[in-house]
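Student: What follows is a structure written as structure tokens; I'll ask about it next.
The values are calculated or read from the model by the stated rules, or taken from the named source; none is laboratory data. Bear in mind the structure is a predicted one, so any value in this text is a computation, not a measurement. Note: ideal-geometry Cβ built from the backbone for every residue, glycine included; neighbour counts use all protein chains shown. Only protein heavy atoms, including side chains, enter the accessible area calculation; ligands, DNA and RNA are left aside. Shrake-Rupley method; radii C 1.70, N 1.55, O 1.52, S 1.80 Å.
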Amino acid sequence: MRIERAWLATLGFLVVASSLPLRAQPAAEPLAAALTIHADQTGSRINRNIYGQFAEHLGHCIYEGLWVGENSSIPNTHGVRNDVLGALKELKIPVIRWPGGCFADEYHWKDGIGPREKRPAMVNTHWGGVTENNHFGTHEFLDLCEQLGCEAYISGNVGSGTVQEMMEWVEYMTSDADSPLANLRRQNGRDKPWRVRYFAVGNESWGCGGNMRPEYYADEFRRYNTFVKNHGSNRVYRVACGASDGDTNWTAVLMRQDAQQMNGLSLHHYSLPTGSWQGRKGSATVFGEDQWFSTLTRTLSMDTFIASHCSVMDTYDRQKRVGLVVDEWGTWYDVEPGTNPGFLFQQNTVRDAVMASLNFHIFHKYANRVSMANIAQMINVLQAMILTDKEKMLRTPTYWVFEMYKVHQDATNLGFELTSPDYKFGNGTAAAVSASVSRDANGAVHMSLVNATPNQAANISCKIAGMTAKSVTGRILTGPEMNSRNTFDAPDAVHPEPFNGAKLDGENLSIALPSKSVVVLELK
Ligand code: AHR
């Protein structure tokens, strides 16, 4: 049994968790959980940017997934396919990170402006060695953001680019002056500057972005960042390259040397079933309960990593001015058989939906520090929202989690106490049930719940304190199997359905959560 309490602390949201000995549950019986909601105890705002996306020049994320070109037979707007645009609009995407990833530190932005047929090609050495024709560049990306009504988050090239190149890119995009760079933009068809709110100075500078030591990168960050200028009214939120997983030394060095210069510090963590970067990572669709459980525990380790980085950040920034930007997260499996290993194309199942939901609950829990998160990646790569095959498109189970959870965007965390039964597998134990509760600007309370066990239902006995709820409605996402998924032949096999398992009786709410399910309830 696990007890999770969440309530207001002086500087934000405090979560205390403790594990008590397990009381054995008969296998066929539903598990029992208890939840108390304190609707009068408010915590931090859940920054909508936690629901951000990441689109890299990798495999078929940009080309074919998003960009088909204006002359394509696939219906498009300014070259971006309409079916994908329509699906993305439903997610209320707050921000998209682009152009990488590892690609960003090889990307030279001037190759991606001007008439498309005249743009020089390059080889995408990181991802499959394919030729990149640079047809999707700065104008195309920022036009996409305008079409979706979202913020742009651009990753600058520190690894193989110059300070001048980065400085000029920012000027090209955001300056309204009568300057050579702003005039070049005008010559290329864009009169007014764009708003570019978020800018990263390098990506994975400890690895594909330059293999730097933290001390060296900390100096480089200061130098490059100096020339990322605020033009006109555009104010850049500067993100420094942060750590991978549990590397708190990187965080400590960056915070000690550069905290005053940055607005955000990044963190990357992926959930690999086998935990191995070298060998097999595990299949996206052919797996047993062992890999369900190992993916779950690696997903839950996001909580441990964020807690340890937050603790270091608190040492240097007690006011929590610097945000933790989890700008790469998600599941990472072996590529689908027969596909290019460099394209990172993987299917997406109910397991991915459960893992995405759990990650969101963790980000909500640390909402006083986590200012953004960007799932890797938006289309056709890793834990994608959308898969495409020529003119066909499907929404994945992960897409539906983003769609169901958008009610949490910019809402305020509410306090709760959850006593979850344990989910035991082999020698491991994890909480079977996870929850997050928030109130939106209109006063509606939303509760998201996950049953992370693949074979056992869970009954939640919930008490609602601090508000009088008159009605409860909800939706559920689940499937008959752990690997239930959508395919191009059955694109709607997994999608949200109305949820009838919640019964309200005064201040008591009983909820019957099927195994491997994600539920979002609205209380009014
Ligand atoms: O998301 C795929 C890759 O993973 C990114 O390009 C890189 O930053 C990370 O290693």
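Student: Would you check which residues across region 265-287 are assigned to a loop (DSSP other than H, G, I, E, B) and of a type in the set (A, V, I, L, M) and list them?
Tutor: 272, 284, 286
Student: Let me ask something additional. If I filter region 40-49 for residues that are among the β-branched types (Val, Ile, Thr) and farther than 30 Å from residue 432 by Cβ, do I get at least one hit? Break it down into steps so the answer makes sense when it comes.
Tutor: Within region 40-49, the subset among the β-branched types (Val, Ile, Thr) is 42, 46.
After this cut, where a residue has to be farther than 30 Å from residue 432 by Cβ as well, the list is none.
Within region 40-49, not a single residue is among the β-branched types (Val, Ile, Thr) and farther than 30 Å from residue 432 by Cβ.
Student: Would you pick out the residues in region 227-283 that are out of contact with any strand residue (DSSP E or B) (no Cβ under 7 Å at 6 or more places or on another chain) and charged (D, E, K, R)?
Tutor: 229, 235, 247, 256, 280, 281
Student: Run down 378, 313, 355, 372 and say which single residue is farther than 30 Å from residue 85 by Cα, open to solvent by less than 10 Å² (accessible area, probe 1.4 Å) and either more than 13 Å from the ligand (Cβ to nearest atom) or not polar (S, T, N, Q) (or both).
Tutor: 313
Student: Does residue 220 count as acidic (Asp, Glu), open to solvent by less than 40 Å² (accessible area, probe 1.4 Å), in a helix (DSSP H, G or I) and within 17 Å of residue 161 (Cβ to Cβ)?
Tutor: yes
Student: Could you tell me which numbered condition residue 294 fails, if it satisfies all but one of (1) of a type in the set (Gly, Ala, Ser); (2) assigned to a helix (DSSP H, G or I); (3) closer than 29 Å to residue 240 by Cα?
Tutor: (3)
Student: Does residue 177 satisfy being in contact with a Ser or Thr (Cβ under 7 Å, 6 or more places away or on another chain) and not β-branched (Val, Ile, Thr)?
Tutor: Taking the combined requirement at face value, the residue does not satisfy it.
Student: Exactly one of (1) more than 30 Å from residue 325 (Cβ to Cβ); (2) within 16 Å of the ligand (Cβ to nearest atom) is unmet by residue 61. Its number?
Tutor: Residue 61 satisfies every listed condition except (1).
Student: Taking region 229-265, which residues are aliphatic (A, V, I, L, M) and surrounded by fewer than 18 Cβ atoms within 10 Å (Cβ to Cβ)?
Tutor: Residues satisfying the conditions are 252, 259.
Student: State which residue is nearest to residue 454 (Cα to Cα) when the search covers only region 326-352 and only residues that are in a strand (DSSP E or B) and within 11 Å of the ligand (Cβ to nearest atom).
Tutor: 330
Student: On the basis of being crowded, with 16+ Cβ neighbours inside 10 Å, assigned to a loop (DSSP other than H, G, I, E, B) and either among the charged types (D, E, K, R) or within 16 Å of the ligand (Cβ to nearest atom) (or both), does residue 208 make the cut?
Tutor: So residue 208 fits the description; yes.
Student: Please give the number of the condition residue 244 fails out of (1) within 16 Å of the ligand (Cβ to nearest atom); (2) within 25 Å of residue 349 (Cα to Cα); (3) modelled with pLDDT of 95 or more.
Tutor: Answer for residue 244: the failing condition is (2).
Student: Give, as residue ranges, the strands (runs of 3 or more DSSP E) completely inside region 35-133 that count at least 1 residues that are in contact with a Pro (Cβ under 7 Å, 6 or more places away or on another chain) and open to solvent by less than 20 Å² (accessible area, probe 1.4 Å).
Tutor: In region 35-133, 52-54 are the strands (runs of 3 or more DSSP E) which contain 1 or more residues that are in contact with a Pro (Cβ under 7 Å, 6 or more places away or on another chain) and open to solvent by less than 20 Å² (accessible area, probe 1.4 Å).
Student: Just give me the residues in region 408-456 being of a type in the set (S, T, N, Q), assigned to a strand (DSSP E or B) and open to solvent by 10 Å² or more (accessible area, probe 1.4 Å), in sequence order.
Tutor: 412, 419, 429, 434, listed by residue number.
Student: One residue is enough: does region 286-300 have a residue meeting the conditions surrounded by 20 or more Cβ atoms within 10 Å (Cβ to Cβ) and within 15 Å of the ligand (Cβ to nearest atom)?
Tutor: Within region 286-300, not a single residue is surrounded by 20 or more Cβ atoms within 10 Å (Cβ to Cβ) and within 15 Å of the ligand (Cβ to nearest atom).
Student: Continuing with this model, one more query. Would you check if there is a residue in region 497-505 being outside any strand (DSSP E or B) and open to solvent by 60 Å² or more (accessible area, probe 1.4 Å)? Please lay out each step first, then the result.
Tutor: So in region 497-505, the residues outside any strand (DSSP E or B) come out as 499-501.
Still in the running and open to solvent by 60 Å² or more (accessible area, probe 1.4 Å): 500.
Within region 497-505 (the criterion being outside any strand (DSSP E or B) and open to solvent by 60 Å² or more (accessible area, probe 1.4 Å)), the answer is yes, since at least one residue qualifies.
Student: If you don't mind, there's one more thing I want to ask. Considering only region 172-203, state which residues are open to solvent by less than 10 Å² (accessible area, probe 1.4 Å), outside any loop (DSSP other than H, G, I, E, B) and not β-branched (Val, Ile, Thr).
Tutor: 172, 173, 182, 185, 199, 200
Student: Still on this model: Identify all residues within region 134-171 that are aliphatic (A, V, I, L, M) and either open to solvent by 30 Å² or more (accessible area, probe 1.4 Å) or at pLDDT below 95 (or both); write none if there are none.
Tutor: Residues of region 134-171 that are aliphatic (A, V, I, L, M), as a first pass: 142, 144, 148, 152, 154, 158, 163, 166-167, 170.
Answer for region 134-171, where residues must be aliphatic (A, V, I, L, M) and either open to solvent by 30 Å² or more (accessible area, probe 1.4 Å) or at pLDDT below 95 (or both): just 167.
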